[in-house]
RNA sequence: CGGGGCGUAGCUCAGCUUGGUAGAGCGCACGGUUCGGGACCGUGAGGUCGGAGGUUCAAAUCCUCUCGCCCCGACCA
């Protein structure tokens, strides 16, 4: 491809709303253009990269036995009402009406549609199992779209859905997808890790997220360097010390703590460590108020707590609700004397003795609290937010926290949707059973953005070859020099004959501009023909990644390019 | 949803406090000199100052409303 005939316009300056590197570089390198908040046009150069990734995804999924189809982006409300998600999904679901005032949604995901499709077609165990996928534009009306393709509203995603007769079948399908995902991200040469994850709003049992490691990532994951345990912080567990404390019990005392609300303030005022305070968080759920007790120096993992309580809504209660429940303003809640609401204690306080907590009275706390004597705690659960330095739950290692970009997420759905939508089959014995489903998402645009996050320098993108829009940048300097032009054109033809994807900078630009642009767009191999070295019959070949220049004879240039390309 | 900020040339931004003929750099066009790391000189095109209403002799500037965009927060007791 000749640049002079291509639609690629690079820029030196970057719009002020581009915060992260991948977003800035994608705009500067002419890959994407914003149309509205979180909505982008994929320009030819950027689209090629997405197409490369899509091809890899197709190759690996096809190899794993999945079948590609294409479902509608617009989905009728009825299906979402049937699954219950019309109400539950929230404002992220873009709802639209047609001319007859019928309600539709622009699909953020396709569980309903695929399940509806399959329930109409498939009736017998003989037709199972199978795995169907599509690569399609989705829409999620995010509150705050940002970071370009990393958190857009309209985005391209590969979503696959497996259907099996039983859990064992699902296990196989799930494992096949997990392997396919590894093959895909390996093929893209990304530094990633598959972590255990919470199943979130999609629901289901087991789940893994594929995270590309990047400091700019929006998700925190923990990893154990010793045993390789890896999990999303929302899911991560930690090993608890089994032993209790054996301090002689102190006397229960009510002490005045005027104006001391936050754990830090109370700890300083009482001259005790925050870990010796139990904080009582009053949460509001659709099942009523809940008091959650946790050690003062730790934080609640609300996802775990929601799962434990089996609720769909969980938020800290309002000032008035707290006052109603505890009889005190916010900051003085405690378990002693608290009644009329469910009370659940975090494992971190199970063995804690002689602690402090709010007295359910303004400006007062208790000290010397001992469960059993002063308060009955009957319900314990794990809803601790794990942080770096916590003990690994699988070995005696210590967990580390990383940031990552979630590029893929696979779920074992089970019968959640097949039951809700009546997607059943008849088994060998003649029994009617719901199909056992899995679903497998992979963000196409986000993965490309993640690849850039992970592969760039101060001058621009450094494409991993599998995702590069083109493989080789051929630049002819000194455009007026007939010999330069002749040699460059010749190399262009030869490379194309070899099947190499060459992007030929034949523009009438100064060398500096061509070099800067070459660095910015970051094609893996660069071949430069300039008058100076051509006097000695040489051209320059280099890799974007290390920029080491190799001067080779014109006749050896193509071979050298091929060598570097496959290095 | 709450708070803050910003909308002025294609892009980055100045001008607004204190109302008085709309600016710079980059980019773009043309001419010339240049030509191995975003050249230089000259000339030029390009803006309903996001939109509507108001105050005023006069509004980019002050007031009200509105739309769009960006950032932060969304309560850890």
Practice item. Answer yes or no as to whether residue A:176 is touching a helix residue (DSSP H, G or I) at 6+ places or on another chain (Cβ under 9 Å) and either at pLDDT 95 or above or closer than 16 Å to residue A:405 by Cα (or both). Key: no
Exercise for review: Could you run through the range A:426-440 and say how many residues are assigned to a strand (DSSP E or B) and crowded, with 22+ Cβ neighbours inside 10 Å?
Suggested key: 5
Practice item. Go over the candidates A:471, A:453 one by one and state the one that is touching a helix residue (DSSP H, G or I) at 6+ places or on another chain (Cβ under 8 Å) and at pLDDT below 95. Key: A:453
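Does the range A:399-408 contain at least one residue that is more than 23 Å from the chain's Cα centre (by Cα) and assigned to a loop (DSSP other than H, G, I, E, B)?
Start the filter on the range A:399-408 by keeping residues that are more than 23 Å from the chain's Cα centre (by Cα), which leaves none.
Scanning the range A:399-408 turns up no residue that is more than 23 Å from the chain's Cα centre (by Cα) and assigned to a loop (DSSP other than H, G, I, E, B).
If only one of A:561, A:554 is over 24 Å from residue A:468 (Cα atoms), touching a residue at least 60 places away in the same chain (Cβ under 8 Å) and in contact with a strand residue (DSSP E or B) (Cβ under 8 Å, 6 or more places away or on another chain), which one is it? Show your work before the answer.
Numbers: A:561 fails: over 24 Å from residue A:468 (Cα atoms).
Being over 24 Å from residue A:468 (Cα atoms), touching a residue at least 60 places away in the same chain (Cβ under 8 Å) and in contact with a strand residue (DSSP E or B) (Cβ under 8 Å, 6 or more places away or on another chain) holds for just one of A:561, A:554, which is A:554.
Any residue at all in the range A:489-501 that is within 10 Å of RNA strand B (Cβ to nearest atom) and over 38 Å from the mean Cα position of the chain (by Cα)?
No, the range A:489-501 has no match at all.
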Check your understanding: In the range A:297-327, how many are more than 6 Å from RNA strand B (Cβ to nearest atom), assigned to a loop (DSSP other than H, G, I, E, B), in contact with a strand residue (DSSP E or B) (Cβ under 7 Å, 6 or more places away or on another chain) and without any contact (Cβ under 8 Å) to a residue 60 or more places away in the chain?
Key -> 2
Point to revise | Enumerated helices (runs of 4 or more DSSP H) restricted to the range A:64-163, each holding at least 2 residues that are surrounded by fewer than 21 Cβ atoms within 10 Å (Cβ to Cβ), modelled with pLDDT under 95 and more than 16 Å from RNA strand B (Cβ to nearest atom) | key: A:77-83, A:85-88
Practice item. Return the residue satisfying two criteria in turn: it lies in the range A:333-366 and is within 12 Å of RNA strand B (Cβ to nearest atom) and more than 42 Å from the chain's Cα centre (by Cα), and of such residues it is surrounded by the most Cβ atoms within 10 Å (Cβ to Cβ). Key: A:366
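Residue-wise test of (1) under 20 Å from residue A:458 (Cβ atoms); (2) not in a strand (DSSP E or B).
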residue: A:484; (1), (2): no, yes
residue: A:493; (1), (2): no, yes
residue: A:496; (1), (2): no, yes
residue: A:509; (1), (2): no, yes
residue: A:513; (1), (2): yes, yes
residue: A:520; (1), (2): yes, yes
residue: A:528; (1), (2): no, no
Review point. Hey, any hits in the range A:45-63 for a residue that's assigned by TED's automatic domain parsing to the domain that holds residue A:148 and assigned to a loop (DSSP other than H, G, I, E, B)?
Key: no
Practice item. Restricting attention to the range A:310-330, report how many residues are under 22 Å from residue A:375 (Cα atoms) and crowded, with 20+ Cβ neighbours inside 10 Å. Key: 3
Point to revise | The lone exception for residue A:366 - which of (1) part of a strand (DSSP E or B); (2) in contact with a helix residue (DSSP H, G or I) (Cβ under 6 Å, 6 or more places away or on another chain); (3) not assigned by TED's automatic domain parsing to the domain that holds residue A:150 it fails | key: (2)
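Just for the range A:235-274: of the residues that are within 30 Å of residue A:197 (Cβ to Cβ) and assigned to a helix (DSSP H, G or I), which one is farthest from RNA strand B (Cβ to nearest atom)?
Residues of the range A:235-274 within 30 Å of residue A:197 (Cβ to Cβ): A:235-242, A:263, A:274.
Cutting the leftovers down to assigned to a helix (DSSP H, G or I) gives us A:263, A:274.
Values: A:263: 3, A:274: 8 Å.
Applying the filter and picking the extreme gives A:274.
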Review point. Taking the range A:520-545, which residues are farther than 12 Å from residue A:483 by Cβ, without any contact (Cβ under 8 Å) to a residue 24 or more places away in the chain and either more than 10 Å from RNA strand B (Cβ to nearest atom) or within 40 Å of the chain's Cα centre (by Cα) (or both)?
Key: A:541, A:542
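The values are calculated or read from the model by the stated rules, or taken from the named source; none is laboratory data. Everything numeric here is computed off the predicted structure, so don't read it as measured data. Every residue, glycine among them, receives a Cβ derived from its backbone with ideal geometry; neighbour counts consider all protein chains shown.
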